[in-house]
Amino acid sequence: MPRPAGPVPIERVRNFCIIAHIDHGKSTLADRLIQRCGGVSDREFRDQLLDSMDLERERGITIKSNSVSLLHETKDGETYQLNLIDTPGHVDFSHEVRRSLMSCEGALLLVDAAQGVEAQTVANHFVAMEYDLEVVPVINKIDLPAADPERVREEIDEELGLDPFEAVLASAKKGEGIEEILDAIVTRIPPPGGDPADPLRALIFDAQYDTFRGVVLLVRVVDGAIRRGDRVRLMRGDTDHVVEEVGLLRLRREPVEVLSAGAVGYAICGIKRIQDIAIGDTVIDAARPAQTSLPGYREPRPVVFSSVYPISTDDYGELESALGKLSLNDPALTYERETSTALGFGFRCGFLGLLHLDVVQERLQREHGLSLLLSAPSVRYRVATRDGELHEVENPAYYPDPAIIDGTEEPYIRASILIPERSVGPVMELLTERRLATSRMNFLSSRRVEIQAELPLAEVLFDFHDRLKTVTHGYGSYDYELLDYRSTRLVKVDILVNGERVDALSQLVHEEKARPRALGYCERLAEAIPMHNFKIAIQGAIGGKIIARTNIRALRKDVTARCYGGDVTRKRKLLERQKEGKKRMKQVGNVQIPQSAFVAVLKSSPAA
Amino acid sequence: MTDRPDSTSLPPDLPTETPEPAAPGLYVHVPFCSRICPYCDFAVTPLGGPGSERLDRYRQALLQELELRAAALGADTVYFGGGTPSLAPAGFFREVASAAVERGLASPSPFVFLEANPEDLVHDPDLARRWAAEGVWGVSLGVQALDESRLRFLGRAHNASDVAVAVSRLAEAGIPWISADLIYGTAGQTPDSLREELVAIAALPGVNHISAYELSIEPGTPFGRRQARGETLAVRSDHASALFREVHETLRESGFAAYEACNFAAAPEFRSRHNRKYWSLVEYLGVGPSAHSFAPERGERFWNQRAFDDWEEAILRGEEPTAERETLCSHERALEELFLRLRTTDGLPLGRFAARYGEAVVRANRRLFRDWRDRGLVQLRGDELRGWLLPTRDGLAVADALAREVNLDALAHDRNAA
């Protein structure tokens, strides 16, 4: 492992990030770079990572950041410090992506050699251009049988306007092209600027929590310098702290004397709670305070909402503490208590978008072992009532009486949809079905089209991604940004089981969508509710008006085949399990609804 | 308290037309088939042909198992199930039945039953006569379907005319009890086509018993794998209900009365003498791979090794080839009584149930039983606490649901079976 005698001079520092569409191989490439520069073997590497994961488990808090300082020795014997700054990979976290990009001078733009340029790749590239970053295209996964680097080169040329011949061909998985990538980082990405003599300004681009040391700030020093013993101030929080330690983000933290303008590293300032800091805030010198903050902070504001219930009511406490832990590192996640007559105690949660919702759900299930039920995702509506008040409503339970509503608005997005030219027809059809407001078409190349479409956010919350993939035979992708609020005609649809409202299934939908949505729910519910010995009517209703109906006939056969050769045991065990399951059913009126029925109705995949 | 029904304690208006079986049964599992049906998940292996070496090993081990399990059981039925017992060589049934009598497991001259494939009776015109000579009293014929496309779908080797030939040979040989077994609910089956098949089966001269089971797709079978891949092999649940009603109505019109959810007899004396023992919790012993046994006095169920080799190995070591045993707690025992007895038109004798599990259990469910009656699922004959719950046709259709509804919370999950 190369070891410089002292600190690496600023002209041999490179700050870069990797931007990529999800699944294009960002983590694998990052791992490879770390491995190559760390000079560790596969085995040591794995062990080291496992160690830190165990550490995370002990602390109960997951450290997400993969930001790391790498030392790279070039062929002519010079040692460079390459600071890889982690970026979240999705539009939901666009602000986080921006914050990461602000800390860099360059970016590796990773494109899958088989999938090619996708909508998110384009979106990320635009942001990188906005911050004037040097972009190095990398065509990854060239080892795949379906890889078509030449086509991808064309796309990089036509759709991103980058020089296709500057693209590095790589297979992160097989370790091919890694040297070339490191060379490109050194030769093409400029060193950071900034004057170490200026008053300190450092951007907090991420933070970690350490049980022993408290909050660990990950910072990019833009101006001035920060050293141990300095008295610093967090501008937004307006709190002063004494710097206990600064250092570099090696695989483990490595203390140094000073972080100067251009450096990326960490600072520990005796802050005990992660809630006491804000990612995106600026660190300044308390004695010589800079006047302006760095642009980086934005109040996280959830736009997608869903009610989260534990499948087993016993897990409510567990869910509460898990949400508490997750929100420590994820200020964008909001949650408040909620009660459903059908599902018991749960939480109404707010997310930055569908992917954020997915990530949180996955972490709750995987890291905390919880089985969860999530209600249909909803957006936040603005409802004006006759008394002149404006309400923000994202929970059907709080939707005002329609009689006193003056007007309703819903959020719109601008979606950028990249598709093969031959799919334009079906995609336009899909968009029209999704209440398309306006659209514009850009022909990027002979084969590929970008559709810029304005449509309600609520319309992409239900299987839009899946439908887009289907109608484009897997070649379509999309990305979106929030636009504004526009007037809408909203109704609250209730689902009734033998006349009783099932609160967990109520939803706010556009008038036009009410009937098909209600019918879909009724049918799925009818298939999932087991036989009762009386007829069950399942209805969709707006207020007192029934708009959809299905029936479950009484006396659905419920007697299994033979106990063959006298094997009564197997059958008894089955009945015991069913009898046990019956105790956990939710009683709605005189009808018993198993949890599985809610799962079947609500499972409409929210992946974006 | 024993499990043997005590006839003196039964109410005078006992609704059964034939008394419940009292003597124990002996089940003999024959684990061979010439080919394996795609829906079957029983313990079977394909067999090259009769007389093969494996079949002989099986016969030897089976006789040894009877010796190992020798006891004064005194079964009055010996039932050969499988698998395909009709593949067994000449003399097999007599030899095994005699050995069982000799070991005390069966009483002298037991009723001997066997399951048979129609094609075996077609290929060997003497087979039925030979069985009759060996003392076989009843044959359960694996008809499964008469419709040609359904037979192919079910992977059966016979056709509709084979069934007619097989039945006539059994009847001519003087086999007194002939049952036709049917599988319904294959994808695409309509009530009308089912009715045609049922009418044709019921009209076969000599058939005096019919079993009709809904196709169930079991994981681990070829059908299970096909269904997992998304194929539709069976009708949907609401359609299955319609077919169930069709079975009951058509067979009733054809002179076959239901006495269990899936079993029909042309007259009370043709109710299955052996299978009824399973539903009325009478003692039985099973021998052969995977066979199940029930010892009510010990409140114990146990079953044999499922794999042929494991079963044989245990016997060759001189050990009983039992794989596992369980002692039922009163909760488990009560649940069994419920779901088994509610499958039958003999129904549930509340007085006996209360005597065994305590009157509190019956009291706790009185309202439920009345509710069933009001919904037309059962008749309540006699006193609310000591009378009989008799399932109607609609009740038989939902027997499992009824058993699940009964509140057994008063019963402890203890290990002291009654």
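Annotation: the residues A:Lys545, A:Lys579, A:Lys141, sorted from fewest to most other C-beta atoms within 10 Å of their own C-beta, follow the order A:Lys545, A:Lys579, A:Lys141. Annotation: lysines with alpha-carbon distance below 20 angstrom to A:Lys535 (same-chain offsets under eight excluded): A:Lys557, A:Lys582, A:Lys586.
Residues whose amide H lies under 5 Å from that of B:Thr45, counting only those 5 or more places away or on a different chain, are B:Phe32, B:Cys33; hydrogens are built 1.01 Å from N in the peptide plane. Considering the stretch A:389-476 at the alpha-carbon level, its Rg and Dmax are found to be 16.4, 53 Å. Kirkwood-type hydrodynamic radius, the stretch B:164-226: 13.5 Å, calculated from all non-identical alpha-carbon pairs.
Put simply, the convex hull of the Cα atoms in the stretch A:491-602 casts, on average, a shadow of 7.4 nm². Each of B:Ala401, A:Leu372, B:Gly288 was scored by the projection of its Cα onto the charge dipole of the protein assembly as shown, and the greatest displacement toward the positive side belongs to B:Ala401; charges sit on the C-beta of Lys, Arg, Asp and Glu. Rg and Dmax of the stretch A:304-374, based on Cα coordinates, read 10.9, 32 Å. Hydrodynamic estimate: the Kirkwood radius of the stretch A:116-264 over Cα pairs, inserted into Stokes-Einstein at 20 °C and 1.002 mPa s, corresponds to D of 116 µm²/s. Computed about its Cα centre, the charge dipole of the protein assembly as shown is approximately 2420 debye, with only Lys, Arg, Asp and Glu carrying charge at their Cβ. Dimensions of the stretch B:89-158 along the principal axes, based on C-alpha atoms and rounded to the nearest Å, stand at 46, 22, 16, largest first.
Of the GluC sites (Glu not before Pro) found in the stretch B:282-318, those in coil by DSSP whose Cβ has at most 15 other Cβ atoms within 10 Å are B:Glu297. Within chain A, the proportion of C-alpha pairs whose separation exceeds 37 Å stands at 44%. Ordering A:Val599, B:Val406 from the fewest to the most neighbouring beta carbons within 10 Å gives A:Val599, B:Val406.
Cys residues of chain B that find no other Cys beta carbon under 4.7 Å: B:Cys33, B:Cys262, B:Cys329. Dividing the Cα radius of gyration of the protein assembly as shown by its Kirkwood radius returns 1.08 for Rg/Rh. Over chain B, the hull volume per residue, using the convex hull of the C-alpha atoms, is 144 Å³. Under the combined filter of DSSP loop state and at most 12 neighbouring Cβ atoms within 10 Å, the stretch B:312-370 retains these trypsin sites (Lys or Arg not before Pro): B:Arg317. For the protein assembly as shown, the mean residue ellipticity at 222 nm estimated from helices alone is -9000 deg cm²/dmol, where every DSSP H run of n ≥ 4 contributes -39500 (n - 2.57) and the total is divided by all residues, rounded to the nearest 500. Less than 5 angstrom separates the built amide H of A:Thr87 from those of A:Ile18, all sequence-distant by 5 or more or on a different chain. Mind checking which aspartates and glutamates have their Cα closer than 15 Å to the Cα of A:Lys174? Skip sequence neighbours fewer than 8 apart in that chain. Filter leaves A:Asp31, A:Asp42, A:Asp112, A:Asp143.
For A:Asp401 and B:Ala228, FRET efficiency with R0 = 56 Å and r from the beta-carbon atoms, rounded to 0.05? The pair B:Ala228/A:Asp401 has a calculated efficiency of 0.70. Basic side chains Lys and Arg get +1 at the Cβ, acidic Asp and Glu get -1 at the Cβ, and with that the dipole of the stretch B:330-405 about its Cα centre reaches some 160 debye.
If the Kirkwood radius is taken over C-alpha pairs of the stretch B:330-405, then at 4 °C and 1.567 mPa s the Stokes-Einstein diffusion coefficient equals 108 µm²/s.
Coordinate-derived values only; no laboratory data. Just so it is clear, the structure is predicted and the values come from calculations on it, not from any experiment. We place every Cβ from the backbone using ideal geometry, glycine too, and count neighbours over all the protein chains shown.
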